[in-house]
1. List pairs: first in the stretch 8-21 and at negative phi, second open to solvent by 70 Å² or more (accessible area, probe 1.4 Å) and among the aliphatic types (A, V, I, L, M), Cβ under 8 Å, 6+ apart or cross-chain?
2. Just to be sure I understand the filter: pairs with C-beta atoms under 9 Å, separated by 6 or more residues or on different chains, first member in the stretch 51-71 and under 14 Å from Asp37 (Cβ atoms), second member of a type in the set (S, T, N, Q) and open to solvent by 50 Å² or more (accessible area, probe 1.4 Å). Which pairs pass?
3. Please give the helices (runs of 4 or more DSSP H) falling wholly within the stretch 1-56 in which 3 or more residues are surrounded by fewer than 18 Cβ atoms within 10 Å (Cβ to Cβ) and either over 15 Å from the mean Cα position of the chain (by Cα) or among the small types (Gly, Ala, Ser) (or both).
4. Would you point out the residue of the stretch 128-154, among those that are open to solvent by 20 Å² or more (accessible area, probe 1.4 Å) and either of a type in the set (Gly, Ala, Ser) or in contact (Cβ under 8 Å) with a residue 60 or more places away in the chain (or both), that is nearest to Arg176 (Cα to Cα)?
5. Would you point out which residue out of Tyr91, Tyr121 is hydroxyl-bearing (Ser, Thr, Tyr), touching a strand residue (DSSP E or B) at 6+ places or on another chain (Cβ under 6 Å) and crowded, with 16+ Cβ neighbours inside 10 Å?
6. Take the stretch 82-108 and flag every residue that is at pLDDT below 85 and closer than 20 Å to Phe9 by Cβ.
7. Looking at Ala115, is it open to solvent by 30 Å² or more (accessible area, probe 1.4 Å) and closer than 30 Å to Arg43 by Cβ?
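The values are calculated or read from the model by the stated rules, or taken from the named source; none is laboratory data. A quick note: this is a predicted structure, and the numbers were derived from the prediction, not measured. Cβ sites come from the backbone with ideal geometry, for glycine too, and all protein chains shown count toward neighbours. Note: accessible area is taken over every heavy atom of the protein model, side chains too, but ligands, DNA and RNA are not part of it. Shrake-Rupley method; radii C 1.70, N 1.55, O 1.52, S 1.80 Å.
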Amino acid sequence: TPFYRRATFVCLTSNFEGLPMCLMEGQQYGAIPVSFDSYSGIREITCDGECGIMVPAYSLRKYAELLNRALADEELQKRMRENCYKAAERYDLECIGQEWLAMFGKLSLIMKKIAFIIVRYGENINGGAEVHCQMLAERLLPYYEVEVLTTTIRAFNHPNQDYTEGVSSWNGVTIRRF
């Protein structure tokens, strides 16, 4: 977070993404997302350009042009930064968590078992999606049989510290590692 607090922009240069957490995390601190308009998630994140910059797909020249224009326009930055703070509220855990719980409440009438699929899961894993998965899994335990399907990866840069393959439990949640 210290980076996001100091950043004016968060520039993502990949052409293929789902819903990139780094852009949404940056918005919480007023960092304006800049990304190619080559995947559907960017339109939601930038609110169609109100709180971020969507660059025509695959155009490096346009990326540089739009970023330079935004760097020179302090009024645009101020407006987008304010919009970023508002947009980030949509993903606040209390807000989105209540929506998830309501949806699962409706599903409880027809299903009793839920499986979450995530790359990493377990103690001391602090990534965005991983933490959200953990919080949802643990909050749903009183209502459902909850399992997490995951890999043995504990840390991407330390393969010799991986979890053991198989079935285990953590905070009451069944974990199946492959």
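1. Thr8/Leu71; Phe9/Leu71
2. Note: pairs meeting the criteria are Leu60/Thr13; Tyr63/Thr13.
3. Hits in the stretch 1-56: 2-6.
4. Restricting to residues being open to solvent by 20 Å² or more (accessible area, probe 1.4 Å) and either of a type in the set (Gly, Ala, Ser) or in contact (Cβ under 8 Å) with a residue 60 or more places away in the chain (or both), the top hit is Ala129.
5. Just a single option satisfies the conditions, and that option is Tyr121.
6. Across the stretch 82-108, the qualifying residue is only Tyr91.
7. So Ala115 fits the description; yes.
Matching residues to (1) farther than 24 Å from Tyr91 by Cα; (2) modelled with pLDDT under 90:
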position	(1), (2)
Ile117	no, no
Ile125	no, yes
Gly128	no, yes
His132	no, yes
Phe156	yes, yes
Pro159	yes, yes
Trp170	yes, no
